[in-house]
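Okay, structure first, notes after.
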Amino acid sequence: MKTLRVALLQLDVAWGDPQSNRAKVRRALEALAPCDLAILPELWSGSYDNPRMEALAEESPACLEEVATWCRDTGSWALAGTLPWRSPEGLANRAFLLDEAGGVRGTYDKVHLFPLLAEPEHFIPGKAPLLASLRGVRFAAAVCYDIRFPEFLRRMALEGAEVIGVCAEWPLSRIDAWRTLLRARAMENQLFVVGVNRAGWGGTDLYGGHSLVVAPDGTVLYEAGEEEEIGTADLELSLVPRTRKALPAFRDRRPDLYGFLGENREREDTSVAPGEEETEIC
């Protein structure tokens, strides 16, 4: 495949209301022009209604089936956002990659759980990345907070990823960080990054939209505004090898100097000292 057409569903997610969100997703998918891949935001069935997360998980199979039905009807793939999903180990913040027959080609449980939204109190962390073949394209998935960990996305690139889809719930107050990090991850790994964020109020937070498609050289191919918006972009896959040939950063890597990044070191104590105010930076 030379071109991958992606659709970005930047939705205003109704807080704790999976029925309304299912209906909204159904309408949005049905209104899409033909595309190869649709990407939904993180926790689109009910957002971070944490006290009801277990109840929301009961609705997740029906929410997933909504997207799977669209895949079967249109012959398209979907990164079906993330949903709270029960596993034998506990509740996971799980992304699903669905093929044109509505089958699950891969899942990804969010590895880096976001402490400021109390994710570690409600979800178990994932243990492995998702990397799959999507119509001949090497595709990987990440979720929100993951993009602050460049070594995680670098692993995907080293294992052959050409496109990384990012599902997110990123607040407007830090939207500049969102844009900067997505562009950085695309440029440093010389691949496409497609970031799909939610919009609108949820709980006490205003989410920032600005879903992005970034080319391997950092060029922004598409950017949504702050409101609910559906957009599409065509990814010319030949840009990945062309960019890497023109600027051979992968050839010039010095992994002999980077080995400590993967070691299991004790975490640095970052707790706030008594009397100090905790600053919200993430």
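The values are calculated or read from the model by the stated rules, or taken from the named source; none is laboratory data. Remember, predicted model here, so these are calculated numbers, not experimental data. Virtual Cβ from ideal backbone geometry, glycine too; neighbours counted across all protein chains shown. These accessible areas exclude ligands, DNA and RNA; they are computed on the full protein's heavy atoms, side chains included. Shrake-Rupley method; radii C 1.70, N 1.55, O 1.52, S 1.80 Å.
Summary table
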quantity	calculated
Extension gain, Ser238 back to Leu261 (0.36 nm per residue minus Cα-Cα distance, nm)	5.2 nm
Qualifying aspartates and glutamates (Cα of each under 13 Å from Cα of Lys24; at least 8 residues distant if same chain)	Asp12, Glu66, Glu228, Glu229
Dipole of region 156-243, positive end: most advanced residue of Met187, Gly200, Thr232 [Cβ charges, Cα centre]	Met187
Extended-chain gain in nm, criterion 0.36 nm per residue less alpha-carbon gap, Phe149 and Glu65	27.1 nm
FRET efficiency estimate (nearest 0.05) - Cβ-Cβ, Ala177 to Arg86, R0 25 angstrom	0.20
Length-normalised contact order of the chain in % [C-alpha pairs under 8 Å, at least 6 apart]	18 percent
Percent of beta bridges antiparallel (DSSP, region 1-126, rounded to nearest 5)	70 percent
Sequence ranges 17-28, 152-163, ranked by mean other-Cβ count within 10 angstrom, highest first	152-163, 17-28
Three semi-axes of the equivalent ellipsoid, region 3-147, Cα gyration tensor, whole Å, largest first	23, 18, 13
Area accessible to solvent at Thr204, 1.4 Å probe radius, in Å²	120 Å²
Cα-centre dipole for region 124-189 with unit charges at Cβ (Lys and Arg positive, Asp and Glu negative), debye to 20	40 debye
Beta bridges by DSSP in the chain, antiparallel share as percent, to the nearest 5	70 percent
Within the accessible area of the chain (1.4 Å probe), percent carbon and sulfur	50 percent
Cut-off 17 Å (backbone N to label point 7 Å along Cα→Cβ of Ala101), residues of region 51-88	68-78
Positive-pole candidate from Pro61, Trp44, Gly106, dipole of region 1-117, charges at beta carbon	Gly106
List Ser211, Ser133, ordered by accessible area with a 1.4 Å probe, largest first	Ser133, Ser211
Helix-only mean residue ellipticity at 222 nm for the chain, each DSSP H run of n ≥ 4 adding -39500 (n - 2.57), per residue, nearest 500	-8000 deg cm²/dmol
